[in-house]
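The block underneath contains the structure these notes are about, expressed in structure tokens.
The values are calculated or read from the model by the stated rules, or taken from the named source; none is laboratory data. None of these values were measured; they are calculated from a predicted model. In this analysis, Cβ positions are derived from the backbone assuming ideal geometry, glycine residues included, and neighbour counts consider all displayed protein chains. Surface accessibility is based on the protein's heavy atoms, side chains included, excluding ligands, DNA and RNA. Shrake-Rupley method; radii C 1.70, N 1.55, O 1.52, S 1.80 Å.
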Amino acid sequence: MIEGKKIKKVFKSGIFGGKTVVAVDNVDITVYDGETVALVGESGSGKSTLGRILLMLIKPDEGRVIFDGVDLTKLKGRELRRIRTKMQLIPQNPEEALDPRWRIYDSIAEPIRIHKLADSRNEEEELILELIRAVGLKEEHLNRYPHELSGGELQRAVIARALTLNPKFIVCDEPTSMLDISTQASIVRLLMEFQKRLGISYLFITHDLELAEVIADRILVMRSGKIVDERSLH
Amino acid sequence: MLEIEDLKVYFRTNAGKVKAVDGVSFEVKRREKFTLIGESGSGKSVLAQAILRLLPKNAEVSGKVLFDGRDLIELGEEDMRKIRGREIAWIPQSQSSLNPVLTVGFQCAEPVIEHFRTDKRSVFARVVRLFEFLGIGRSRVKDYPHQFSGGMRQRVLVAMGISADPKLIIADEPTKGLNASKRSQIVELFEKVGDKTMLIITHDLNFAENLADRIAVMYCGKIVEVSPAKEFFSEPLHPYSRGLLDSLPSRGLKPIKGFQPSMINPPKGCRFRDRCEFASERCKSEPPLINLNGRFVRCWLYDRR
Ligand SMILES: Nc1ncnc2c1ncn2[C@@H]1O[C@H](COP(=O)(O)OP(=O)(O)OP(=O)(O)O)[C@@H](O)[C@H]1O
Ligand SMILES: Nc1ncnc2c1ncn2[C@@H]1O[C@H](COP(=O)(O)OP(=O)(O)OP(=O)(O)O)[C@@H](O)[C@H]1O
Ligand code: SF4
Ligand SMILES: [Mg+2]
Ligand SMILES: [Mg+2]
């Protein structure tokens, strides 16, 4: 279970930091184990910022983030990194997630190598092929660099990478925005299957209300940095 | 206005040749809003990049791209640079095409200043109006791309594309990551610049339905259907088109069975064959694009011979 308590984030810009944008304004949010919470709302309302704060990729100005009973805002360096392997981001812009100088294969293999999830090269390769096929890609894509894939192929490679470490919590930030609706349907089904198998919690940021209604247990609506509405679906 | 004839784009890779666009022909008429939809990875963006000559060095291109009678494939880089931005605008799929060290307002004004040599102040005023129309306040015009949310950056790409008043707009996924009200602003904006010819690539079927005159559907490097938008949405012809419309979330999130085919070794015969519920013996040979009273479909089911 992940909880955000009284989270606030203000961005300053302009020459003397004179302009401020209150991106997240005193938000309380909980995502229970195995739950899918859809986060919807106007462009610029603070959804991605809130998602990144829950993963501690952005430090909040105020408030706390509690993951399985541990206050992440109090952790440092190594401890935070260790706990973070249980949390993943599928970013809104997939190019952010992958190093442009690495082949797709190596980008997906990296977390497997760091965390020694495969005993041999063969096992690593099998694991990667299985994941890449599950997202509808092929061996022929693995040897290429990120700019040599289509937008939607890259988005799916990032999804495959996020699933390698069997995470407990994933922030999916518009994860299917570059997919045709048939491919979107199979990817969403894949995410749901992983959820059933591993009890993953999702914060699913989307602009597609129809999609949110089909997949989510709850829908939260954000406006100007605040959560202004909540709806349970199932 | 824009005529594409037997266009092919093959990429050389160490795993073989990727046949990303494999014999595509179509015409976009003056003032038409022509929309290209289709499977992820089927060659839509590569097709657009071939028209604008923005492909990397490992691409082999053949065929014709006639723009007002000139073949762009034959044009020198210098002439092409003049056409890009000024006569043909390009709204790319990737937000990384924004320059991280220039303000968003400057990036939108730059192409106008460069091509028309008009005074900066009036151009900036125009950019501010465009931003405000798209829901980005005046105070944010001097921000940098990283200070914007994903949807705000998307709107900047759109503003950049249309700021120089081009003849033809080619837009790749212009509404991705935008909520419904912002999407309809983009439709409105595209209609305002109304006498423009547009080639729009999108996965957003609502957007396509609201804007398009004609829809073309791409599958594995080929065009498999071209239909007027109304007819397409009420009665899609190609089995792939039907499968696509059936996978809308509101219809139960049912994907088309099977996977995107290899583009290095595409399936023989009809490329949709192993996923098609109507496949028969003759689908082992490749179907031609069949003309049905002005609609076009590449499928043997419509062959009345
Ligand atoms: N690094 C930053 N510096 C300054 N302002 C920022 C920064 N990151 C985000 N903002 C601002 O914070 C607000 C919220 O941004 P955020 O990316 O969270 O929105 P969002 O809800 O995800 O929008 P979208 O749907 O468009 O992706 C926006 O006004 C944005 O411009
Ligand atoms: N530089 C490249 N080298 C090799 N293959 C490439 C290169 N660029 C694109 N491709 C391949 O060409 C095919 C078509 O890509 P394209 O980007 O046109 O797809 P798309 O239809 O726009 O898909 P999406 O909807 O996912 O954006 C894909 O299989 C892609 O992997
Ligand atoms: S040609 Fe045959 S396999 Fe191809 S779409 Fe038509 S019926 Fe299906
Ligand atoms: Mg966002
Ligand atoms: Mg594309």
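Annotations for the structure displayed:
- Residues considered: A:I90, A:I2. Of these, the only one that is more than 14 Å from every other protein chain (Cβ to nearest Cβ) and closer than 23 Å to A:D217 by Cα is A:I2.
- The strands (runs of 3 or more DSSP E) found entirely in region B:1-101 that carry 3 or more residues being open to solvent by less than 60 Å² (accessible area, probe 1.4 Å) and more than 14 Å from chain A (Cβ to nearest Cβ) are B:2-13, B:16-28, B:59-67.
- Qualifying position, being in contact with a Ser or Thr (Cβ under 9 Å, 6 or more places away or on another chain) and either open to solvent by less than 50 Å² (accessible area, probe 1.4 Å) or among the small types (G, A, S) (or both), among A:F204, A:F194: A:F204
- Residue-level analysis places B:E191 outside the set of residues that are more than 13 Å from chain A (Cβ to nearest Cβ), more than 14 Å from the chain's Cα centre (by Cα) and open to solvent by less than 30 Å² (accessible area, probe 1.4 Å).
- Some residue of region B:108-128 being assigned to a helix (DSSP H, G or I), within 16 Å of ligand 4 (Cβ to nearest atom) and either of a type in the set (D, E) or surrounded by fewer than 20 Cβ atoms within 10 Å (Cβ to Cβ) (or both): no
- Scanning region B:149-195 for residues that are of a type in the set (A, V, I, L, M, F, W, C) and within 16 Å of ligand 2 (Cβ to nearest atom) returns B:L157, B:I170, B:A171.
- B:M218 being part of a strand (DSSP E or B) and touching a helix residue (DSSP H, G or I) at 6+ places or on another chain (Cβ under 8 Å): yes
- On the stretch given as region A:138-170, residues that are open to solvent by less than 60 Å² (accessible area, probe 1.4 Å) and either within 28 Å of A:L54 (Cβ to Cβ) or under 17 Å from the mean Cα position of the chain (by Cα) (or both) total 19.
- Residues located in region B:252-261, provided they are in contact (Cβ under 8 Å) with a residue 24 or more places away in the chain and within 7 Å of chain A (Cβ to nearest Cβ): B:Q260
Per-residue answers, yes or no, for (1) facing another protein chain (nearest Cβ under 9 Å); (2) crowded, with 16+ Cβ neighbours inside 10 Å; (3) not in a loop (DSSP other than H, G, I, E, B):
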site	(1), (2), (3)
B:A208	no, yes, yes
B:I223	no, yes, yes
B:P236	no, yes, no
B:S250	yes, no, yes
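- Of all the listed residues (B:F148, B:F131), the sole one being within 9 Å of ligand 1 (Cβ to nearest atom), modelled with pLDDT of 90 or more and surrounded by 15 or more Cβ atoms within 10 Å (Cβ to Cβ) is B:F148.
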